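The values are calculated or read from the model by the stated rules, or taken from the named source; none is laboratory data. No experiment lies behind these values; they were computed from the predicted model shown. Heads up, the Cβs are rebuilt from the backbone with ideal geometry, glycines too, and the neighbour counts pull from every protein chain shown. Accessible surface is based on the protein model in full, side chains and every heavy atom, while ligands, DNA and RNA are left aside. Shrake-Rupley method; radii C 1.70, N 1.55, O 1.52, S 1.80 Å.
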Amino acid sequence: MHIIIFVLTAIASVVVLKWPNAAPFLIGLPSLIFGVWKLKNLRTNWVPAIGTVSWCEVGHEDVATHFRVKKYFFPRIEFSYLFENSLYISSIYAIDRSTVWSLDQIAMKSIVSGLMTEKEIPIFINPKNPQKATVVNKVNPRTVIHAYTFIFTGLVCLFLGLYSSIK
């Protein structure tokens, strides 16, 4: 992924050096597209159903902050479910992991212990893509704000680019 970002940055740099008026479009268009894509993927109008837990454990992710790395804990799970007479398996605990992760490993172990194997649990299924299902379908408000920020930034950059090219 880093190499792709590096290559795209290099290409954008060459384009901006050759055509300086293209800068707002190179920033605005990808920002707008990413914001719309992110917002579209945050929709939570999924269908409630029942799933059966295959296994669960506490997972963790190291997240770099300004001064140190923090270890966030979250439930990892696999569950099976039926949708329109087809059996599916999912390992998505939450649409937005930031709604469920915690710095408290003991609290996370408590959540995971409540998700015992072979236990039936309420889940939510994406009706447009039934291979995707989740236990928690909440979205962190900050994630929504980030998506709108990308959309707003993209629109402003595109407007400035169009305005400067008309002048």
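Structure values in brief
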item	result
Looking only at the range 124-148, and only at residues there that are under 15 Å from Tyr88 (Cα atoms) and in a loop (DSSP other than H, G, I, E, B), the one that is most open to solvent (accessible area, probe 1.4 Å)	Lys128
Selected residue [buried (at least 16 other Cβ atoms within 10 Å of the Cβ), more than 25 Å from Pro24 (Cα to Cα), touching a residue at least 60 places away in the same chain (Cβ under 8 Å) and over 14 Å from the mean Cα position of the chain (by Cα)] from Ile111, Ile151, Ile121	Ile121
Test for Arg76: is it under 19 Å from Lys138 (Cα atoms), modelled with pLDDT of 85 or more and basic (Lys, Arg)	yes
Leading residue by the ranking (farthest from Asp62 (Cα to Cα)) among those in the range 96-126 that are touching a Phe, Trp or Tyr at 6+ places or on another chain (Cβ under 8 Å), at pLDDT below 80 and of a type in the set (Val, Ile, Thr)	Thr117
Flag for Val100 being of a type in the set (Val, Ile, Thr), in contact (Cβ under 8 Å) with a residue 24 or more places away in the chain, in contact with a Leu (Cβ under 6 Å, 6 or more places away or on another chain) and closer than 30 Å to Pro30 by Cβ	no
Single match in Gly28, Gly51, Gly35 (criterion: within 20 Å of the chain's Cα centre (by Cα), open to solvent by less than 40 Å² (accessible area, probe 1.4 Å) and of a type in the set (Gly, Ala, Ser))	Gly35
Matching residues in the range 139-161 - criterion: being within 13 Å of Lys40 (Cβ to Cβ) and either modelled with pLDDT of 80 or more or of a type in the set (Gly, Ala, Ser) (or both)	Val144, Ala147, Tyr148, Phe150, Ile151
Residue check for Gln131: over 13 Å from the mean Cα position of the chain (by Cα) and under 30 Å from Pro30 (Cβ atoms)	yes
Count of the range 49-74 residues which are of a type outside the set (S, T, N, Q), under 17 Å from Ser113 (Cβ atoms) and touching a residue at least 60 places away in the same chain (Cβ under 8 Å)	3
